[in-house]
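Everything below concerns the one structure shown next.
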Amino acid sequence: MSDLRGGIDLGGTKIQTVVVEPGGSLRGEARQPTPTSGGPPDVAAAMEDTLREAASAAGVKPEQLSGVGVGSPGDADGGTGVVSGARNLPGWDGSFPLGEALSKALGTAVRIGNDVQVAVEGEHRLGAGKPYDSLLGVWWGTGVGGGIVLGGKPWLGRGAAGEIGHTVVKRNGARCPCGRRGCLEAYAGRAAMEARARRDLAKGVDTDLFKIMEKRGKDRLTSSVWEHAMREKDPLTESLLRRAVRYLGTGIASAVNLLDVEAVVIGGGLGSRFGDRFMDHLVKEMQKHLFVDDNPPRMHVAELGDLGGAIGASLLV
Ligand SMILES: [Zn+2]
């Protein structure tokens, strides 16, 4: 056995895998699109294949790894390795023993964790959160996820802590993808922003967002589509992003009032792209709601980039 470990970031569009040294240095990586049809066993097979590629790039066999960590969407049970209700993956409404299936296929121990929590832990141990004992990670992407570190350790609650996207920023507010009303994600999540943009378009609001989407061969408003539209100074794009940042400021400030963390790390597809550009605006919006307003938390954008989720997952080993 080597002291190398594997990490898998299981996303709705891609599977990213890495093989890293104990300190987090990269030895191999591979990426494949996530299957869009079939069911959990097909997704697990694609994960196995992608991890094998990363291991081969690192010059090892998967069974020689000291273990593999997985950051998974849905309800990921670290104790049993079962993943339930991963609705952005094909046929994954129910439960599937992902840890067991992968462990058998790869011939090494597999640990499962929540995708955002492992990415935040990656930033805490190896990235922007390194100097701090307490931090709040806010992963701004399709949804708005979160992770909390308190006293140097991840705070998981009873397993589901960190869901800042479903803290309420407006009572009886906009409908959230989760079905409730007024959640932060209903204003700041990419899926909710796309739904709003489509409604505005139908009402006759002038925007190039969807033209840019088609030109880039996409069928939805990915983070890169938002980025291009922003670069072309599309007014609806700018106003929806600024609105998202206003609500992020409200939600993050409320969380800071409760937890008094030293730092906030902004990550995720939109967070990594727009975090720097909107940081001043975000700080200003937060400031309005901070109860102790003369000692705000330090604000950072995630540093580990595209591989952060997979590297964070490898820390589960
Ligand atoms: Zn919600």
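Just so it is clear, none of the values below were taken in a lab; they were calculated from the coordinates. Keep in mind that this is a model prediction, so the values were computed, not measured. No Cβ is skipped: glycine too gets one built from the backbone with ideal geometry, and neighbour counts run over all protein chains shown.
Compute the acute angle (0 to 90°) between the alpha-carbon long axis of helix 40-57 and the principal axis of greatest extent of the alpha-carbon atoms of the chain; round to the nearest 10°.
So the helix axis and the longest Cα principal axis differ by about 70 degrees.
May I ask you to derive the relative contact order of the stretch 51-182, considering only C-alpha pairs under 8 Å and at least 6 residues apart, and to give it as an integer percent?
Here the relative contact order equals 16 percent.
Among L184, M213, S239, whose Cα projects farthest towards the positive end of the dipole of the stretch 151-246, with charges put on the beta-carbon of Lys, Arg (+1) and Asp, Glu (-1)?
In the stretch 151-246, that residue is L184.
Taking the chain as the region of interest, what is the percent of Cα-Cα pairs per 10 angstrom bin, listed from the shortest bin to the one with the maximum distance?
It works out to 6, 27, 33, 24, 9, 1, 0, in whole percents.
Choose one of G122, A86, S72: the residue whose Cα lies farthest towards the positive end of the charge dipole of the stretch 1-143 (beta-carbon charges +1 Lys, Arg; -1 Asp, Glu; about the Cα centre).
G122
Quick one: putting +1 on the C-beta of Lys and Arg, -1 on the C-beta of Asp and Glu, what dipole do you get for the stretch 99-171 around its Cα centre, in Debye to the nearest 20?
140 debye
Let me have the relative contact order for the chain, percent, based on Cα pairs under 8 Å that are six or more residues apart.
Relative contact order here is 20 percent.
Can you give me the C-alpha center-to-center distance between the stretch 256-315 and the stretch 1-28, rounded to a whole angstrom?
Each part's Cα centre sits 24 Å from the other's.
Helix-derived [θ] at 222 nm for the chain: sum -39500 (n - 2.57) over DSSP H runs of at least 4, divide by residue count, nearest 500?
Helix-only estimate at 222 nm: -12000 deg cm²/dmol.
What pairs in K211/K233; K170/K203; K61/K104; K153/K288; K14/K218 have C-alpha atoms more than 19 Å from each other?
In this structure, K170/K203; K153/K288 exceed 19 Å between Cα atoms.
Taking the Cα centroid of the stretch 210-244 and of the stretch 119-141, what is the distance between the two, rounded to the nearest whole Å?
27 Å
Starting from the Cα gyration tensor of the stretch 210-317, take the square roots of the eigenvalues, sort them a ≥ b ≥ c, and report rounded, prolate or oblate (rounded when a/c is under 1.5, otherwise prolate if a/b is larger than b/c, else oblate).
Here the stretch 210-317 falls in the oblate category.
Q287 to E21: FRET efficiency via 1/(1 + (r/R0)^6), r the Cβ-Cβ distance, R0 45 Å, to the nearest 0.05?
Efficiency computed from Cβ-Cβ geometry: 0.65.
Does the stretch 87-235 come out rounded, prolate or oblate, given a ≥ b ≥ c as the square roots of the eigenvalues of its C-alpha gyration tensor, rounded meaning a/c under 1.5 and, failing that, prolate meaning a/b above b/c?
Prolate.
Once you sort the root eigenvalues of the Cα gyration tensor of the stretch 49-140 as a ≥ b ≥ c, which label holds: rounded (a/c under 1.5), prolate (a/b larger than b/c) or oblate (the other case)?
oblate
If I take every Cα pair under 8 Å that is 6 or more residues apart in the stretch 207-317, average their sequence separation and divide by the length, what percent do I get for the relative contact order?
Normalised by residue count, the contact order of the stretch 207-317 is 26 percent.
If you line up the long axis of helix 115-126 against the longest principal axis of the chain, both from Cα atoms, how many degrees apart are they, to the nearest 10?
Taking Cα atoms only, the helix is inclined about 80 degrees.
Placing unit charges on C-beta atoms (Lys and Arg positive, Asp and Glu negative, everything else neutral), compute the dipole magnitude of the stretch 30-136 about its Cα centre in debye, rounded to 20.
In total the dipole reaches around 240 debye.
Farthest toward the dipole's positive end in the chain, which of G268, A229, S2, given Cβ charges of +1 (Lys, Arg) and -1 (Asp, Glu) about the Cα centre?
The residue sitting most towards the positive pole is A229.
Among bridges DSSP assigns within the stretch 30-169, what percent are antiparallel (round to 5)?
Among the beta bridges of the stretch 30-169, antiparallel pairing accounts for roughly 70 percent.
Where nothing but the Cβ of Lys and Arg (+1) and of Asp and Glu (-1) is charged, how large is the charge dipole of the chain around its Cα centre, in debye to the nearest 20?
It comes to approximately 960 debye.
Counting only DSSP beta bridges with both residues in the chain, what percent are antiparallel, rounded to the nearest 5?
Antiparallel: roughly 60 percent of the beta bridges in the chain.
Which residue fluctuates most in the GNM of the chain (Cα springs below 10 Å): A109, A202, A119?
Looking only at A109, A202, A119, the largest GNM fluctuation is found for A202.
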